[in-house]
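The structure appears below as structure tokens.
The values are calculated or read from the model by the stated rules, or taken from the named source; none is laboratory data. Just so you know, these numbers come straight off a predicted model, no measurement behind them. No Cβ is skipped: glycine too gets one built from the backbone with ideal geometry, and neighbour counts run over all protein chains shown.
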Amino acid sequence: MSQSIHDFHDDPRNAGLRIWINGQLKPRAEAMVSVFDSGFVLGDGVWEGLRVVDGQPAFLDAHLDRLFEGAKAIALDIGLSRARLTQAIRDTLAANAMHDGVHLRLMVTRGVKRTPYQDPRVTVGPATVVIIAEFKQAKPETLARGLTLFTVHVRRGYPDVQDPKLNSHSKLNCITACIQATEAGADEALMLDPHGFVATCNSTHFFIVRRGQVWTSTGDYCLAGITRANVLQVCREAGIPAFEKNFSLTDVYSADEAFVTGTYAGLAPVRRIDGRTIGDALPGPMVQRLQGLYRELILRDVAARSAAGA
């Protein structure tokens, strides 16, 4: 049975969550936004997902960079500084007595509209900012068995249609890809770029290992992934040859190992792609090594933030 990499075991503590909405901490049952909100009406907004480790949001600076860059690209005024957003995250964690094993989503929409229409000029009032923090981790059994991917017909598009680098609320192309993969019995969709080269997955980034080298796409047709960038960083630091390049499904099917990356699950091994078994062991030696290096990088980032009192 297929399962999303984002599946998790329910935690009873999540029933009593308090959610940050525009400066107020609301009980989960009362956490609501208007039906006229730009995010609900049109998917008009940007968001970030963060992992909390040892009381610290890992790689927070990189996530805030991407959030503010995305907001600027769509002319959205978040209305809060980086320092205020950081404090809001800390307030949310404190209100829920959260320290570890937490996934957090920070969402910003253009705000409430006076009528359900796309023009940003019919927005009234400030942006809507929501922070949801949950006790949530990827299922160990999903990570242990590895993921199954299916290459879908839905492509990652050109930036002049909808720039795939935007971490926007509008995710319908990825949702369509996910539906097709699910109907094919797979866990995640593998998506190609407009030229037929491998681009990314519907909710994670994709890597292969060939003859001791780590390959991922050029990045031209995928989100600027934080975990993706961190994996490339640890490869450079460890002297592991890593390349952002064009490659085809032929290269994928004969790879020694494959894995996906994302904030939620970190590095997750891939077991099968389009009916082909990838590699001999799960996880393979390179994936195991990179998982360890990535954990070390998280701990370094968390320690530095703790030392700085940030």
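Here are the numbers for this structure:
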| read-out | value |
| --- | --- |
| Number of positions in segment 102-132 that are assigned to a loop (DSSP other than H, G, I, E, B) and in contact with a Lys or Arg (Cβ under 9 Å, 6 or more places away or on another chain) | 3 |
| Matching residues, segment 134-143, being touching a residue at least 40 places away in the same chain (Cβ under 8 Å) and in a helix (DSSP H, G or I) | Thr142, Leu143 |
| Hits in segment 182-199 (condition: without any contact (Cβ under 8 Å) to a residue 60 or more places away in the chain and not charged (D, E, K, R)) | Ala184, Ala189, Met191, Leu192, Pro194, His195, Gly196, Phe197, Val198, Ala199 |
| Single unsatisfied condition, Pro126 versus (1) within 14 Å of Ile5 (Cα to Cα); (2) touching a Gly at 6+ places or on another chain (Cβ under 9 Å) | (1) |
| Top-ranked residue of segment 290-309 - restricted to ones that are free of Cβ contacts under 8 Å to residues at least 40 places away in the same chain and basic (Lys, Arg), ranked as surrounded by the most Cβ atoms within 10 Å (Cβ to Cβ) | Arg295 |
| Any hit, segment 31-44, residues being at positive phi, loosely packed, with under 13 Cβ neighbours inside 10 Å and modelled with pLDDT of 95 or more | no |
| So Asp100, is it buried (at least 20 other Cβ atoms within 10 Å of the Cβ) and more than 17 Å from Thr227 (Cα to Cα) | no |
| Strands (runs of 3 or more DSSP E) wholly inside segment 159-253 that include at least 2 residues being in contact with a helix residue (DSSP H, G or I) (Cβ under 7 Å, 6 or more places away or on another chain) | 188-192, 205-210, 213-216 |
| Hits in segment 34-85 (condition: hydroxyl-bearing (Ser, Thr, Tyr) and either in contact with an Asp or Glu (Cβ under 6 Å, 6 or more places away or on another chain) or assigned to a strand (DSSP E or B) (or both)) | Ser38 |
